[in-house]
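**Student:** Dropping the structure in here first, questions after.
The values are calculated or read from the model by the stated rules, or taken from the named source; none is laboratory data. Predicted, not measured: the structure shown is a model, and the values here were computed from it. All Cβ positions, glycine included, derive from the backbone under ideal geometry; neighbour counts span all protein chains shown. Ligands, DNA and RNA are stripped out before the accessible areas are found, and what is left, the full protein with its side chains, is counted by its heavy atoms. Shrake-Rupley method; radii C 1.70, N 1.55, O 1.52, S 1.80 Å.
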Amino acid sequence: MMTEKCDVLILGAGAAGMMCTIRAGKRDRSVIILDHARAPGEKIRISGGGRCNFTNIHAGPKNYLSANPHFVKSALARYTPRDFIALVEKHRIAWHEKTLGQLFCDDSAKDIIRMLLAEMQAVNAKLRLETSVSTVTHDGDRFRVTTSGGVIEAKSLVVATGGKSIPKMGATGFAYQIAEQFGLKLIETRPGLVPLTLDPASLEKLSPLAGVAVPAEIFHGKTSFEEALLFTHRGLSGPSILQISSYWREGDTIRLKLEPARDILALLKQAKQTNGRQSAQTALSEILPKRLAQHVVEQTGITGNLADMSDKVLAKLAAQVQDWQIKPAGSEGYRTAEVTLGGVDTMALDSRSMAAKSVPGLYFIGECVDVTGWLGGYNFQWAWASGQAAGEFA
Ligand code: FDA
């Protein structure tokens, strides 16, 4: 079998792998990038509802979860959202800010894939699709990778095969296997940015609410996120729940504050004064979706007119809306999770270059590393920044 040689071999043609290819190629390194999928950047294609939330202008270390929160600082500071915006604008891709600093393509996520492919072509990188890897060895100087398309030898090997989320799209956890093979430690992996599920009894109680969306602040300990909440047939979803899911662990309780911008108790007191003959459900229906107002009142068992209710009773109603404790049973898992928490332990990597400290020439970038961003463009920014960092050294 013929052996092909290159300076840098990149495993995984996703966001991080393609970015790394471009940067290494610009340094005149010969680069081969391979992927077992039929097309590159499949997660980019489906991201952001097909419009790719490609970065967040507020991205900073505080927006990432990792056992070592300082690790992201170097790469994020050296490749910023402004740098990626400059690339997007060079390719005349129209974009807009949707909310909370989240930037999306005006037209299609495919524009981002086309942009990355054009940049890879400009540096003469070779892209090998539908290519799987069977073995990886290292003789101290070069990596020898046996693929379904032949053997490739490279001075540097960059692992960019992502995490375990959405196995249907080709996610494999392959990076963790390589890390273990070379003696790198792993931080336990779990699904992140994922809907939470409820036990059958709670689900039955909440089933009439399926499809109801409401502004909410969701708390897990001292962490909270204020965005929309969606009740579903399986449990809880919506951006605020996805965000908190990355912090939640089995057995933990979360607290829901619905309509966080409004003081429900004050509004109920006001409603009692202006029209005391209305029921609590009618008054709450002015503030909350009707089905939710009905559920809240049913849960408290409070009946009668507002005029007959003491402040204590009104406070009980308000607490049902703004201090609602829920113990999720689990999450929907990797099937629907947007990201994988945990991964290659950052203590084993150099934060400037993403290189494994103990294996010269081996790099890990993107989602396979124990760095996970919030929802809102932060994960792609990490993929771009870590890909760029490795591309500067590989
Ligand atoms: P990524 O998963 O993108 O790429 C890994 C590549 O490696 C894939 O092409 C895969 O086929 C390949 N591969 C895997 N195993 C292999 C093997 N054994 N051999 C060869 N190739 C292999 N983030 C964000 O910032 N904004 C957003 O809008 C969204 N939206 C979004 C929607 C959905 C539905 C999901 C699932 C995820 C998002 N994300 C997101 C998260 C984002 O997609 C994710 O963080 C990045 O794609 C991670 O980039 P990587 O390059 O590390 O992995």
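**Student:** Please specify each residue of region 39-48 satisfying the condition of being within 8 Å of the ligand (Cβ to nearest atom) and either out of contact with any strand residue (DSSP E or B) (no Cβ under 7 Å at 6 or more places or on another chain) or at pLDDT below 95 (or both).
**Tutor:** The answer is 41, 42, 43, 44, 46.
**Student:** Going through 131, 146, 135 one at a time, which residue ends up being of a type in the set (Ser, Thr, Tyr), open to solvent by less than 30 Å² (accessible area, probe 1.4 Å), within 13 Å of the ligand (Cβ to nearest atom) and over 19 Å from residue 369 (Cβ atoms)?
**Tutor:** 131
**Student:** Same structure again: Test of understanding: among 355, 383, which residue is small (Gly, Ala, Ser), in contact (Cβ under 8 Å) with a residue 24 or more places away in the chain, open to solvent by less than 20 Å² (accessible area, probe 1.4 Å) and more than 16 Å from the ligand (Cβ to nearest atom)?
**Tutor:** Just a single option satisfies the conditions, and that option is 355.
**Student:** Of all residues in region 325-347, which are touching a strand residue (DSSP E or B) at 6+ places or on another chain (Cβ under 6 Å), open to solvent by less than 30 Å² (accessible area, probe 1.4 Å) and not charged (D, E, K, R)?
**Tutor:** Hits for region 325-347 are 326, 328, 330, 333, 337, 339, 340, 341, 342, 343, 344.
**Student:** Scan (1) in contact with a His (Cβ under 7 Å, 6 or more places away or on another chain); (2) assigned to a strand (DSSP E or B) for the single condition residue 187 breaks and write down its number.
**Tutor:** It is condition (1) that residue 187 fails.
**Student:** Now, a different point. So, residue 61, is that one without any contact (Cβ under 8 Å) to a residue 24 or more places away in the chain and more than 10 Å from the ligand (Cβ to nearest atom) or not?
**Tutor:** Against the criterion (without any contact (Cβ under 8 Å) to a residue 24 or more places away in the chain and more than 10 Å from the ligand (Cβ to nearest atom)), residue 61 qualifies.
**Student:** Another one. Which one of these does residue 127 not meet: (1) out of contact with any Phe, Trp or Tyr (no Cβ under 9 Å at 6 or more places or on another chain); (2) at positive phi; (3) not aromatic (Phe, Trp, Tyr)?
**Tutor:** Condition (2) is where residue 127 drops out.
**Student:** Somewhere in region 150-164, is a residue under 23 Å from the mean Cα position of the chain (by Cα) and either within 30 Å of residue 324 (Cβ to Cβ) or open to solvent by 30 Å² or more (accessible area, probe 1.4 Å) (or both)?
**Tutor:** Initially, region 150-164 is screened for residues under 23 Å from the mean Cα position of the chain (by Cα), giving 158-164.
Checking which are either within 30 Å of residue 324 (Cβ to Cβ) or open to solvent by 30 Å² or more (accessible area, probe 1.4 Å) (or both) leaves us with 161, 164.
The answer is yes; a qualifying residue exists.
**Student:** Same structure, new question: Just give me the residues in region 239-262 being under 30 Å from residue 308 (Cα atoms), in contact (Cβ under 8 Å) with a residue 40 or more places away in the chain and part of a loop (DSSP other than H, G, I, E, B), in sequence order.
**Tutor:** 259, 260, 261
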